[in-house]
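Below: one structure, written as structure tokens.
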Amino acid sequence: MSAVHNRSTGHDTSTGHNTSAAGKKKHAIQASCSRASEYLLPTLFVAGAALCLWETREMSQLGAVFPAVISLVVIVAGLLRLGQLGLRGVVANHERGSDSSSDPSSDPSVGSGSTPRRLALVGIMLAWALALPWLGFLLTGLASFVGLMVVAQYRRWHPRRLAGHLLTGAVLVAFFYALFALVLNVPLPAGRWFTL
């Protein structure tokens, strides 16, 4: 047999390509700008959160709860992201080439980014901020999640996907409400229309 594949090294002698390197590159994370920027952003978040955590030592024990918890969450998330980038690797946009298997836009059911979607994203976040004092955290949180879900979804809708998204949104909003209002004792707006 002329084509010999060395399983221990992942090297295909018939083509001269390293299949393990190709497989690793296929699963690599695509950088939005450059490879350095993908590492820089989580590093800055970790450094900034560590600085905020250091500053909480000057606060009272009760006053330090909220910034300390948020700082720890940001540090953990940043370190997890750095670990993910280190394990999977990062490729710049131009290195993807014409590999249609790793390009989501090659899927006919997936659209590309568009200016109306970006504007809708900004509009939804602005509407959320303006409606928050009047409608309260829970109602505006659920409404904004549904709006963002509609804007961000490129694939065709079906009942199972819709139910999964709505359930996820309800759980996330309830989780953050419980975290801020019950655990961290942060006063959240109940909505002026409901307290008149």
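The values are calculated or read from the model by the stated rules, or taken from the named source; none is laboratory data. Owing to the predicted nature of the structure, the values given are computational and were not obtained by experimental measurement. Neighbour counts are summed over all protein chains in view; Cβ atoms, including those assigned to glycine, are modelled from backbone coordinates with ideal geometry. For accessibility, only protein heavy atoms count, side chains too; no ligands or nucleic acids. Shrake-Rupley method; radii C 1.70, N 1.55, O 1.52, S 1.80 Å.
Things to note:
- V122 surrounded by fewer than 13 Cβ atoms within 10 Å (Cβ to Cβ) and either among the β-branched types (V, I, T) or part of a helix (DSSP H, G or I) (or both): yes
- Qualifying residue in the stretch 127-139 (condition: within 18 Å of the chain's Cα centre (by Cα) and at pLDDT 85 or above): no
- R161 being at pLDDT below 85 and not in a helix (DSSP H, G or I): no
- Scope the stretch 34-72; condition of a type in the set (V, I, T) and either modelled with pLDDT under 90 or open to solvent by less than 50 Å² (accessible area, probe 1.4 Å) (or both); matching residues: V46, T56, V65, V69, I70
- First in the stretch 70-86 and closer than 11 Å to F45 by Cβ, second anywhere and open to solvent by 30 Å² or more (accessible area, probe 1.4 Å) and polar (S, T, N, Q), Cβ under 9 Å, 6 or more apart: G78/T43; L82/T43
- Of the set (1) more than 25 Å from V73 (Cα to Cα); (2) surrounded by 15 or more Cβ atoms within 10 Å (Cβ to Cβ), all apply to W157 but (2).
- Hey, R81 part of a helix (DSSP H, G or I), more than 23 Å from P187 (Cβ to Cβ) and within 19 Å of the chain's Cα centre (by Cα) or not: yes
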